[in-house]
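Beneath this line is the structure, given in structure tokens, with notes to follow.
Laboratory data are not the source of any read-out in this text; all were calculated from the coordinates shown. If you're wondering where the values come from, they're calculated on a predicted model, not measured in any experiment. All Cβ positions, glycine included, derive from the backbone under ideal geometry; neighbour counts span all protein chains shown.
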Amino acid sequence: MRCSVRPAPSLGRRGFSAVVTCPPEVGVEGAVEFIRGVLGSDLVAVREEEERIGREYLLRKVVYSIVGIDGVVECRFVYRAGSLESLSCALPTVSVPSPTREPVLPKAPKRGKGMPPGQRVVKDFIIYAVLGKPVIDVNRWVLEVGGEVENALKLRYADLLSMPMKEIVTDFHCVTGWSVPSVRLRGVPTRVLAELSGVRNGVRWVKTFSADGYTTVIPLEDFLDEDALVVLEIDGKPLSHEQGFPARVFVPHLYGWKSGKWLTRIVFMREYEDGYWESLGYHERGNVWLEERFKSVTE
Ligand SMILES: Nc1nc2c(c(=O)[nH]1)N[C@H]1C(S)=C(S)[C@@H](COP(=O)(O)O)O[C@H]1N2
Ligand SMILES: [Mo]
């Protein structure tokens, strides 16, 4: 069992270019040693913070400066019930070849009763903008639908508003452990966009791109859930700017990080690719009922 290093283009905006993941038995010291080897420089821990994730997980984030190199290494050590379960570190400016491995995911429920495991109810959304809030001019904004499709689409806001819409009432779950119950969302079913664009055989993944550079990846099967939407309205009103105006994707049974705000592009793919949080060790699918918060790292 060894560490591996993969390119992480989704993290470019944050000055990272690759991610190291190690099986837990390598340990924190072993991972740091591995990275020293990759970078050929010493690391010095300069900042550390801890965050509870759900009920059982503890996320320990450690930032290291790199002796003689501009930039930092940012590590996430995930502990479950006290023992190290996964670890991944983002690295600046190293170029590495990419053998992306296709994740193997078990069958998972799309509906459940009550709150998913490890979630607690809050009244209001906590607004996230990990790459900042982008400036959006809705008159210039277009949503592109492309990748492995027969007819790539370019849809303006008015085009989306004139398409068939669906309204759902759903709970919204953030991977950190908060959930907002009974949110009323309205938008264009993702199925409608998939049908219009003619998704080719062999597609298994969907990556979404946002105006701020945020990306995330969703299995096609989940993306095509009957309640999955390109959301345009919350509680009968257009999305506010901070909630992702003009449009965000939403899949009810996946954690909120799969709901990219300020959506600009939907790309259908045959092969798996990490998005922003997935590069940092978060799960390829993120099913709330199976509590898929972090990737499992078995080589
Ligand atoms: N563009 C963009 N989309 C994003 C995020 C982000 O930082 N940037 N955060 C994600 C996360 S982790 C969650 S839980 C939800 C939060 O939605 P809210 O900001 O409307 O509460 O947005 C998701 N979509
Ligand atoms: Mo989140």
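Brief remarks follow.
- Dipole axis of region 120-290 (+1 Lys, Arg; -1 Asp, Glu on Cβ), positive-most option in GLY236, GLY202, ASN287: GLY236
- Distance in nm between pseudo-label sites at LEU196 and LEU131 (7 Å out along the Cβ direction from Cα): 2.4
- Checking the Cα-Cα distances for LYS113/LYS261; LYS61/LYS258; LYS113/LYS154; LYS237/LYS295 against a 32 Å cut-off, the pairs over it are LYS113/LYS154; LYS237/LYS295.
- Working note: Karplus 6.51/-1.76/1.60 with θ = phi - 60° gives region 11-25 the couplings 9, x, 4, 9, x, 9, 10, 8, 10, 9, 10, 9, x, x, 5 Hz, where Gly and Pro are set to x.
- Seen from every direction in turn and averaged, the convex hull around the alpha carbons of region 4-91 projects onto 5.7 nm².
- Sequence of LEU232, LEU87 once ranked by neighbouring C-beta atoms within 10 Å, starting from the fewest: LEU232, LEU87
- Ranked VAL267, VAL192, VAL73, criterion: other C-beta atoms within 10 Å, fewest first: VAL192, VAL267, VAL73
- Listed residues PRO7, VAL46, LEU58: farthest to the positive end of the dipole of region 4-91 (Cβ charges): PRO7
- A Gaussian network model of the chain, with springs between Cα atoms under 10 Å, assigns the largest mean-square fluctuation among VAL175, VAL28, VAL288 to VAL28.
- FRET efficiency for LYS61 and ASN151, using Cβ-Cβ distance with R0 set to 51 Å, rounded to 0.05: 0.75
- A Cβ-based charge dipole, computed about the Cα centre of region 120-290 with Lys and Arg at +1 and Asp and Glu at -1, lands at about 320 debye.
- Loop trypsin sites (Lys or Arg not before Pro), region 159-245, which have at most 13 other Cβ atoms in a 10 Å radius of their Cβ (DSSP): ARG200
- DSSP-loop trypsin sites (Lys or Arg not before Pro) across region 32-113, with at most 16 other Cβ within 10 angstrom: ARG55, ARG101, LYS107, ARG111, LYS113
- Gyration tensor (alpha-carbon) shape descriptor, region 120-290, a/c threshold 1.5: rounded
- Simple Cβ-charge dipole of the chain, Lys/Arg +1 and Asp/Glu -1, about Cα centre, in debye nearest 20: 460
- Computed on the Cα trace of the chain, the radius of gyration divided by the Kirkwood hydrodynamic radius gives Rg/Rh = 0.97.
- Listed by Cβ neighbour count within 10 Å, with the fewest neighbours leading, TRP141, TRP262, TRP277 appear as TRP141, TRP277, TRP262.
- Sites matching GluC sites (Glu not before Pro) across region 79-183 that sit in DSSP coil, with at most 15 neighbouring C-beta atoms within 10 Å: GLU150
- For the chain, modelled as a GNM whose springs connect Cα atoms under 10 angstrom apart, the maximal fluctuation among VAL203, VAL104, VAL78 occurs at VAL104.
- Selection among VAL169, LEU105, TYR128 by position relative to the dipole of the chain gives VAL169 as farthest towards the positive end (Cβ unit charges, Cα centre).
- Nearest-ten-degree value, helix 27-39 long axis tilted from longest Cα axis of the chain: 90
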